[in-house]
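*Asks:* The structure's right below; bear with me while I get my questions together.
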Amino acid sequence: MANNLFVSGHPLVEHKITQLRDVTTDFRQFRSIVAELAMILAYEATADLATQPVEVLTPLTTTAGSKFDARVGLAPILRAGLGMVDGMLSLIPQAEVWHLGFYRDEQTLQPVIYYNKLPKDLSTHTCFVLDPMLATGGSALAAVDILKRRGVIRIKFVGLLAAPEGIAALHGTHPDVAVHVAAVDERLTTAADTADGFPPGFIWPGLGDAGDRQFGTR
Ligand code: PRP
């Protein structure tokens, strides 16, 4: 559903995502760029959140202002989504962090959940699912399924790179979930790419494995 896909065209985003793609970017640089991109995308993805009118006293007089007091939950998908949390929190410090641990089974590419730290009361929050990579879409879809089953109504996905296949999968089941990303790449790798040494299910041309590249476990 193209009208619920937001690809940042910001020059700083395009510059930084190019740095992330660069194989010579080391993991310290990679981590800090992921955090910077998360902050910029947080700015874009929160543009429609509600504010409350307030009155503010300036040194000269009182005037009308507004207060951003939305209840926000950040749901980083471990591991790679962790790197986006601090960037988001720097703009939305009142947000709660709801960790969800998934890994992809290397054979089936299906997400396997191993950790779930959702709080009890979350139905009034706007939730941002955080994961740098939307590849097959399986992990994001599973995260959104869990959140909706727990009563979350407003969910957005914030990532760095998406494959068209992942966007189609997520929006095929959850067209209401806005997808905010830095870039949409060409495709996923397939079995045909394994001859060149690339495992299937990776975003192409992509940036490699965002978890390994952030945490130095390549
Ligand atoms: C990667 C990535 C996403 C998922 C995307 O995680 O960070 O979570 O795969 O793939 P999908 O859209 O096909 O589900 P990975 O399984 O490598 O785990 P890690 O972050 O712990 O390395």
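*Asks:* Which of the lysines could be linked to LYS67 by a straight reach, that is with a Cα gap under 26 Å, when you skip same-chain ones fewer than 8 residues away?
*Replies:* Result set, ordered by chain and number: LYS120, LYS156.
*Asks:* Hey, another quick one. With axes computed from alpha carbons, what is the tilt in degrees of helix 11-21 against the longest principal axis of the chain, rounded to the nearest 10 within 0 to 90?
*Replies:* 30 degrees
*Asks:* Based on the alpha carbons, how large is the Rg to Rh ratio for the chain when Rh follows Kirkwood?
*Replies:* Expressed as Rg/Rh, it is 1.00.
*Asks:* Tell me, Kirkwood radius of segment 98-176 from alpha-carbon pair distances, in Å? Don't skip to the end; give the middle numbers.
*Replies:* Details: mean 1/r = 0.0778 Å⁻¹.
Mean inverse Cα-Cα distance, inverted, gives 12.9 Å.
*Asks:* Tell me the relative contact order for the chain as a rounded percent, counting alpha carbon contacts under 8 Å between residues six or more apart. Each step should come with its number before you reach the end.
*Replies:* Numbers: 431 pairs, mean separation 48.7, N = 218.
Relative contact order here is 22 percent.
*Asks:* Round to a whole angstrom and tell me the spacing of the C-alpha centers of segment 11-46 and segment 162-184.
*Replies:* Value for the Cα centre distance between the two parts: 19 Å.
*Asks:* Here's a follow-up. Out of residues 5 or more away from GLY206 or on other chains, whose amide H comes under 5 Å of its own, with H placed 1.01 Å from N in the peptide plane?
*Replies:* Long-range HN contacts for GLY206: GLU186.
*Asks:* When the expected Rg is taken as 2.2 N^0.38 Å, what fraction or multiple of it is the alpha-carbon Rg of segment 1-125?
*Replies:* On the way: Rg = 18.3 Å, N = 125, 2.2 N^0.38 = 13.8 Å.
Against the compact-globule rule of thumb, the ratio is 1.33.
*Asks:* Would you calculate, for the chain, the mean residue ellipticity at 222 nm contributed by helices, counting each DSSP H stretch of 4 or more residues as -39,500 (n - 2.57) and dividing by all residues, to the nearest 500? The partial results should precede the final answer.
*Replies:* Working: 6 runs with 65 residues, N = 218.
The helix-only estimate for the chain comes to -9000 deg cm²/dmol at 222 nm.
*Asks:* In what order do ARG154, ARG79, ARG213 fall by count of nearby beta-carbon atoms within 10 Å, going from fewest to most? Before the final figure, lay out the partial values.
*Replies:* Numbers: ARG154 20, ARG79 17, ARG213 23.
By the 10 Å Cβ count, ascending, the order reads ARG79, ARG154, ARG213.
*Asks:* HN-Hα J couplings of segment 34-40 from phi, Karplus 6.51/-1.76/1.60, θ = phi - 60°, integer Hz, Gly and Pro as x?
*Replies:* Here the 3J(HN,Hα) series is 4, 5, 5, 5, 4, 5, 5 Hz.
*Asks:* At what distance in nm do the modelled label points of ALA168 and ALA47 sit from each other, each positioned 7 Å from its Cα along Cα→Cβ?
*Replies:* Between ALA168 and ALA47, the label points sit 2.7 nm apart.
*Asks:* Using only the Cα atoms of segment 1-59, build the gyration tensor, take square roots of its eigenvalues as a ≥ b ≥ c, and label the shape rounded, prolate or oblate: rounded if a/c is under 1.5, else prolate if a/b is larger than b/c, else oblate. Write down the numbers at each step before the final one.
*Replies:* Numbers: a/c = 3.50, a/b = 1.73, b/c = 2.02.
The shape class here is oblate.
*Asks:* Give the aspartates and glutamates reachable from LYS117 as a straight Cα distance under 18 Å; neighbours fewer than 8 places away on the same chain don't count.
*Replies:* ASP86, GLU96, ASP131, ASP145
*Asks:* Between ALA191, ALA38, ALA178, which gets the highest mean-square fluctuation from a Gaussian network model of the chain, Cα cutoff 10 Å?
*Replies:* For the chain, modelled as a Gaussian network with Cα springs under 10 Å, the answer is ALA191.
*Asks:* Related question: Going by amide H atoms built from the backbone, whose H comes under 5 Å of the H on TRP98, apart from near neighbours?
*Replies:* Amide H neighbours of TRP98: LEU74, ALA75.
*Asks:* Pick out, in residue order, every one of the GluC sites (Glu not before Pro) in segment 30-61 that is DSSP loop and has at most 14 other C-beta atoms within 10 Å; say none if there are none. Each step should come with its number before you reach the end.
*Replies:* Numbers: sites: GLU36, GLU44, GLU55; in loops: none.
Answer in residue order: no site qualifies.
*Asks:* Among GLY206, GLY172, GLY81, which one moves the most in a GNM of the chain with springs linking Cα atoms closer than 10 Å?
*Replies:* GLY172
*Asks:* What residue among PRO119, PRO11, PRO205 has the largest mean-square fluctuation in a Gaussian network model of the chain, using Cα springs under 10 Å?
*Replies:* Most flexible of the set in this elastic network: PRO11.
*Asks:* A further question follows. Rounding to the nearest 10 and keeping the result within 0 to 90°, find how far the Cα-based axis of helix 164-173 lies from the longest principal axis of the chain.
*Replies:* The two axes meet at around 60 degrees.
*Asks:* Now a separate question. State to the nearest 20 debye the size of the charge dipole of segment 1-85 about its Cα centre, where the only charges are +1 on K and R beta carbons and -1 on D and E beta carbons.
*Replies:* Values: 7 positive and 8 negative charges, 59 e Å.
That gives a dipole near 280 debye.
Only the coordinates and a few stated rules stand behind these numbers; no lab work does. From a predicted model like this one, the values you see are computed outputs, not experimental measurements. Positions of Cβ are generated from backbone atoms using ideal geometry, with glycine treated the same way; all protein chains shown enter the neighbour counts.
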